[in-house]
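Student: The structure's right below; bear with me while I get my questions together.
The values are calculated or read from the model by the stated rules, or taken from the named source; none is laboratory data. A quick note: this is a predicted structure, and the numbers were derived from the prediction, not measured. All Cβ positions, glycine included, derive from the backbone under ideal geometry; neighbour counts span all protein chains shown. Protein only, heavy atoms only, side chains kept; ligands, DNA and RNA dropped before computing areas. Shrake-Rupley method; radii C 1.70, N 1.55, O 1.52, S 1.80 Å.
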Amino acid sequence: MTELIHKIQELKKQKNATILAHYYQKEEIQDIADFVGDSLEMARKAKQLSTDTIVICGVSFMAETAQILCPDKNILLPVKNAGCSLAQFASPEKIATLRAKYPEAAFVCYVNSSAEVKALCDICCTSANAVKVVRSLPQKQIVMLPDGNLASWVQSKVPEKEIIGFAGHCPSHNRVSANDVTGMKTRHPEALLLAHPEVKKEVWELADFVGSTSAIIKYVEASVGKEFIIATEVGILHELRQRFPQKAFYLLTPDLICLTMKMIELEDLYKALLNNEHTVKLDEDLLKKAYVPLKRMFDLN
Ligand code: SF4
């Protein structure tokens, strides 16, 4: 393992590459990355980098987003078929149907979507800025896709808008229930429940705080609380336990695991750098169209 880590670090220098990893990646991938963040932070970081190559340790929409934001860079995704099950719910055909049904609505697309879907929407959002994005829009009617749970949470924060949700969900986050919360609260009555907005309404309604992965970390940092029940993907525990060793963290259920986020191994990262694989190549027209909603989102921040 140490030798492989050394080889990756050498190759990274030779190839003038930067490794960006999501908090849901395996611990060893987070440890070797130059930067670890949620999808918004990874996208922001990609835009700032001057290295020729950016290796995205995450899922395919994150690599596509990096390509859209940095079209002149060499973007690598170490495991080609590491996709996001939530992103697969939305398609250009479904958007066309909804556009015909809601011609006055603004279309807000969660960054967890394909480049083709982004290209057909008005503005992107992440879980970190979804409320801000929706509030910024002049339209009263908003179609939010593909995550129905995120849409219902945003609706609770922005009651002056009419949010039309979508039937998509993240299989990992959607699996947990209010019963799981009751069981965990019985075992840890003092613990605060921190939930990602991709969980079901019955779960986020019980939470002490709802926010993106990075917002959950910031909440823990600012909190005087000592125990926390975490309702998002298990990978976040690595960062939380490293940064706040004096605090206790309990994952709401072991089901909070994203299998595609866990596909990338150190060996894949090594091969990606060695063989320049797998490059993300979107056609120029698509890059330009998908850039528009992403730029609108960044212009708000
Ligand atoms: S945790 Fe859910 S939303 Fe995130 S990448 Fe995995 S499937 Fe997609």
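Student: Would you check which residues across the range 208-232 are within 17 Å of PRO189 (Cβ to Cβ) and in contact with an Asp or Glu (Cβ under 6 Å, 6 or more places away or on another chain) and list them?
Tutor: GLU227, the sole residue that qualifies.
Student: Continuing with the same structure: Suppose we keep only residues that are more than 15 Å from the ligand (Cβ to nearest atom) and not in a helix (DSSP H, G or I) within the range 55-70. Which one would you say is farthest from LEU286 (Cα to Cα)?
Tutor: By that ranking, first place goes to VAL55.
Student: Look through the range 71-90, keep the residues that are surrounded by fewer than 17 Cβ atoms within 10 Å (Cβ to Cβ) and part of a loop (DSSP other than H, G, I, E, B), and return whichever of them is farthest from the ligand (Cβ to nearest atom).
Tutor: Here the residue is ASP72.
Student: Name the residue, out of ILE19, ILE8, ILE29, ILE68, that is among the hydrophobic types (A, V, I, L, M, F, W, C) and either touching a Ser or Thr at 6+ places or on another chain (Cβ under 6 Å) or closer than 30 Å to GLN139 by Cα (or both). It would help to see each step written out before you state the result.
Tutor: On the way: ILE19 fails: either touching a Ser or Thr at 6+ places or on another chain (Cβ under 6 Å) or closer than 30 Å to GLN139 by Cα (or both); ILE8 fails: either touching a Ser or Thr at 6+ places or on another chain (Cβ under 6 Å) or closer than 30 Å to GLN139 by Cα (or both); ILE29 fails: either touching a Ser or Thr at 6+ places or on another chain (Cβ under 6 Å) or closer than 30 Å to GLN139 by Cα (or both).
When all the criteria are applied, what remains is ILE68.
Student: Let me ask another. Could you say which residue among CYS121, CYS109 is within 15 Å of the ligand (Cβ to nearest atom), modelled with pLDDT of 95 or more and among the hydrophobic types (A, V, I, L, M, F, W, C)? Show your work before the answer.
Tutor: On the way: CYS121 fails: within 15 Å of the ligand (Cβ to nearest atom).
Just one listed residue meets the conditions, CYS109.
Student: Can you list the helices (runs of 4 or more DSSP H) lying wholly within the range 1-52 that have 3 or more residues being over 18 Å from the mean Cα position of the chain (by Cα)? First the steps, then the outcome.
Tutor: Details: elements: 2-14, 27-32, 39-48.
Those helices (runs of 4 or more DSSP H) span 2-14, 27-32.
Student: Would you check which residues across the range 98-135 are among the basic types (Lys, Arg) and farther than 17 Å from ASP38 by Cβ and list them? Working first, answer last.
Tutor: As a first pass, look at the range 98-135 and keep what is among the basic types (Lys, Arg): 99, 101, 118, 132, 135.
Residues satisfying the conditions are ARG99, LYS101, LYS118, ARG135.
Student: Quickly run through the range 132-181 and pick out the residues that are open to solvent by 40 Å² or more (accessible area, probe 1.4 Å) and assigned to a strand (DSSP E or B).
Tutor: GLN141, GLU162
Student: Additional query: Take GLU104 and tell me if it is farther than 22 Å from SER60 by Cα and surrounded by fewer than 17 Cβ atoms within 10 Å (Cβ to Cβ). I'd like the intermediate steps shown before the answer.
Tutor: On the way: farther than 22 Å from SER60 by Cα: yes; surrounded by fewer than 17 Cβ atoms within 10 Å (Cβ to Cβ): yes.
Judged against the criteria, GLU104 is a match.
Student: Among the residues in the range 49-62, are any at pLDDT 95 or above and under 18 Å from VAL292 (Cα atoms)?
Tutor: yes
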